[in-house]
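Here the structure comes first, spelled out in structure tokens, and everything after it is commentary.
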Amino acid sequence: MFEVGLIHYILLSTALFCIGLLSVIISKHLIRVLIGVEFMLNAVNINLIAFSNYLDLAKLDGNLLALFVMAIGVCELALGLAILILIFRRTQSVNADEQNSFRG
Amino acid sequence: MESILQNIWIVAILPLWVFLLIIFGQIYIERMDRKISMYLTAGVTLVGLIFSLVALSYCISNPTSTIEENALWLSVGNLKFSIGYLIDELSSMMLCVVCSVSLLIQVYSHSYMEKDDCYHRFFAYLAFFNFAMLGLVLSSNLFQTYIFWELVGVASYLLIGFWYKKNASAKAAQKAFIVNRIGDFGLLLGTMAFLYLSYNFWFYEADVLLGFSSLKPAAEVALVSTSSLGFLAVGFLMFLGPVAKSAQFPLHIWLPDAMEGPTPISALIHAATMVAAGVFLIARLYPIFILSPQLMHIIAYTGAITAVLGATVALVQYDIKKALAYSTISQLGFMFLAMGVGAYSAGLFHLMTHAYFKALLFLCAGAVIHSLSDQQDMRYMGGLRKKMPIVAYTYLVGALSMGGVFLSGFSSKEEILSGILASGNMFLFCVALLTSGLSAFYIFRTYFMVFEGQYRGSCDIHKVSKFMSVPLIILAIPSAIFGAIFAHGFKNFISFGYYSENNFVFLPIISIIIAIFSVWLASIFYWDKKKIIDPELVKIPFRFLYKFFVEKWFIEIFYEKIVCKIYKKAAYLLSKFDRLVIDKAIDLSAKSGFAVGQMLNLIQKKSIGVYVLTSVILLVILSAFIISMLN
């Protein structure tokens, strides 16, 4: 019988993290970059809950912390989208490589 | 009385205050009355003169007692530098001479500079010079002396180049400064070497580092701690300072050029006070110099060579100021000669009388030049006695004194001659006799050319103002009588250890006969009324000698053609070295920094994705590293 263990959760979260990282690195569109960031955040969250479930049975510290992380993730996404809209208004473009006005 | 002696430093500080006042308040003074500058400067000098007279009277009434006060100025490790004042016979005498001469010259300068645009700057510089000179005289230790020594040089530089728009002035100022640098550097090296040799003494037994009042035991310590040759080298380096400042033989070339400055400056700085600072410093350092007989010989022979050189070159000068400048060089050489043979008080006595009569001669020359609209060539003067009798008669007093015919100059020269005779060096004695005869000849040559005979010039003669003639009359008094008054007292007042009395009765008679003979000789050459021989005819058989004197013993040409050339070559090579080696090395370090920046720039030029990838890769490496450390 296929037994689901800690290692599978970790594999899942690693896969999700890598997909998110890849999305951040290679995509040109800023919204894809944001989605990639969310992927990475959620991968970390899964990791957190898995460890909490398998190693810290009695207390629910890890689960509680995951709720906080989700709330912060939503806030971050809202902020990121707001910045993205401002960038779009200013430059009329959502291409990540064209946003080079900070370069010295 | 007591409070004046305790606050004698005011004498030096007040001129500094006036200097700052004039420099910063020029616009306000100009709005009120320009004379205020002169009144301020002369006023503080008068205060200084009163203070110095009090100090002098204290020193006369309390012989061998000194007043000294020092304050710690800065301490570096074990070295503790003090700043303070020292009142003894020497400094009180110098204070009186400097203050009295500069007071008269400041009053005189008013009418000399009245039409000049830079009237205030002139008086500001004069006040600054007074500050430096009086600080030099009052200083209680060698370091302080060195500081003021340099300040005096700066004042001299500023005043020689007072008309800096004239090319000759600017060049002369630079020349004076550079030549003086050589001597000052020698003095600095010598001071440091002396401090090094006698450091144990200063550290354990004296509270004022290099203080003059304990120089004698320190010199003995230094003499023991090294070989006699090493001590000679140290003393010689210190002696270089006075050589440059007092325009002695190898470094005398700056003084004649310094005559480019205004004439009152030539009188004050380049005849009466600053150039005498060299003799003053020798007197201060006498405890060191006297321990090395070879060094005393060097001083004496330097003085003798300079005396002959100055006197012979003065014979052939046509520019009145140049002639007087060379005579100053010659007289300073006389003082050095006296110091070198051990006639300490005679040298200083000559310093005092020379300050008065040479200032008088220069001021007379200035009055003549001023009233002839800046004509300095004596060939275009003549017959001026009827036009400006006061100037002519005061000049005559100065000339008699300078030539050693009866007046002050006679007494002081006589002292020097007897000092040389007492030392037993007949060669130097003959040189001194010859020089004193020459000096009588050339000074009367100028007198006859300027004031007697027919007027040979073409320009109009202006009147001499009261501000000019009054200082001349006042200066004529000390030039005439100081010698007779102080001849005996001075020896007892200022002396150094032994004084060998000389009782050669014929000496005054010989010297006066030589002086009068020289005056007669000058009169048959240059006095139109009694002219027997035309000087032009004498030039022909002696034309090689004449050429030698006109070219100033070929020393300037030697410097120009050889020393300057070698120096320029060396400077060129060094600049090449600088550009090819040092600059290149610095360029290399700059370029390597640039290259690192370029390399870093390569990373930064990519897109955001690359940044993220780089940081993730670095993060992975870092965490792998940490994990491996934990295991």
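With a cut-off of 8 Å between alpha carbons and a minimum separation of six or more residues, what is the relative contact order of the range A:9-92 in percent? Reported as a whole number, the value is 26 percent. Candidates A:23, B:339, B:432 compared by Cα position along the dipole of the protein assembly as shown: farthest toward the positive end lies B:432, with charges placed on Cβ. Over all other residues within a Cβ to Cβ distance under 12 Å of residue B:586, the charged ones net out to 0, with Lys and Arg as +1 and Asp and Glu as -1.
Taking the Cα centre of chain B as reference, the dipole from Cβ charges on Lys and Arg (+1) and Asp and Glu (-1) amounts to some 2000 debye.
Note on residue B:599 and residue B:576: the model spin-label points, each 7 Å out from Cα along the C-beta direction, lie 3.6 nm apart.
Angle of helix A:30-55 to the longest C-alpha principal axis of chain A, folded into 0 to 90 degrees and rounded to 10: 10°.
Listed peptides B:51-58, B:460-467 appear in the order B:51-58, B:460-467 once ranked by packing, highest mean of other Cβ atoms within 10 Å at the front. Qualifying chymotrypsin sites (Phe, Trp or Tyr not before Pro) in the range A:1-88, where qualification requires a DSSP coil assignment and no more than 12 other C-beta atoms within 10 Å, comprise A:2. Think of each Lys and Arg Cβ as +1 and each Asp and Glu Cβ as -1; about the Cα centre, that makes the dipole of the range A:9-92 roughly 420 debye.
Mean per-residue shielding of peptide B:347-354 is 0, counting Cβ atoms of other chains within 10 Å of each Cβ. For the range B:112-165, the Kirkwood hydrodynamic radius comes to 11.9 Å, computed from all pairs of different C-alpha atoms.
Ordering B:559, B:459, B:66 by Cα displacement along the dipole of chain B toward the positive end leaves B:459 in first place; charges were set at the Cβ atoms of Lys, Arg (+1) and Asp, Glu (-1). Pairs exceeding 19 Å between alpha-carbon atoms, taken from B:166/B:321; B:115/B:466; B:321/B:561; B:166/B:561; B:245/B:358; B:322/B:547: B:321/B:561; B:166/B:561. Rounded to two decimals, the Cα radius of gyration of the range B:76-212 over 2.2 N^0.38 Å is 1.27.
Okay, which of the range A:24-58 sit inside 16 Å, backbone N to the point 7 Å along the Cα-Cβ direction of residue A:81? What the label zone holds, given the 16 Å backbone N cut-off, is A:30-39. Based on DSSP H segments of at least four residues, each scored -39500 (n - 2.57), the protein assembly as shown has a per-residue ellipticity at 222 nm of -24500 deg cm²/dmol. Considering only the Cα atoms of the protein assembly as shown, their convex hull presents on average a projected area of 54.3 nm². Placing unit charges on the Cβ atoms of the charged side chains and taking the dipole of the protein assembly as shown about its Cα centre, the candidate lying farthest along the positive direction among B:324, B:581, A:35 is B:324.
First measure r as the distance between the Cβ atoms of residue B:548 and residue B:590, then evaluate 1/(1 + (r/R0)^6) with R0 = 45 Å and state the FRET efficiency to the nearest 0.05. Calculated value: 0.20.
Once both labels are positioned 7 Å from their Cα atoms along Cα-to-Cβ, the gap between residue A:35 and residue B:203 label points is 8.3 nm. First measure r as the distance between the Cβ atoms of residue B:531 and residue B:196, then evaluate 1/(1 + (r/R0)^6) with R0 = 45 Å and state the FRET efficiency to the nearest 0.05. For residue B:531 and residue B:196, the calculated efficiency is 0.15. Reported value for chain B: 247 Å³ per residue, from the convex hull of its C-alpha atoms. Taking label points 7 Å from Cα along the Cα-to-Cβ direction, residue B:30 and residue B:454 give a separation of 4.8 nm.
Derived scalar couplings between HN and Hα for the range B:589-596 equal 5, 5, 5, 5, x, 4, 5, 4 Hz in order, rounded to whole Hz, by the Karplus curve 6.51 cos²θ - 1.76 cosθ + 1.60 (θ = phi - 60°), x for Gly and Pro. A Förster distance of 56 Å, applied to the separation of the beta-carbon atoms of residue B:557 and residue B:7, puts the FRET efficiency at 0.60. Both numbers refer to the Cα atoms of the range A:9-92; Rg and Dmax are 15.3, 53 Å.
Compared with the alpha-carbon gap, the fully stretched path from residue B:62 to residue B:610 is longer by 188.0 nm at 0.36 nm per residue.
Readers should treat all values here as calculations from the given coordinates under stated rules, not as data from a laboratory. This structure is a prediction, so every number in the text was calculated from the model and none was measured. Heads up, the Cβs are rebuilt from the backbone with ideal geometry, glycines too, and the neighbour counts pull from every protein chain shown.
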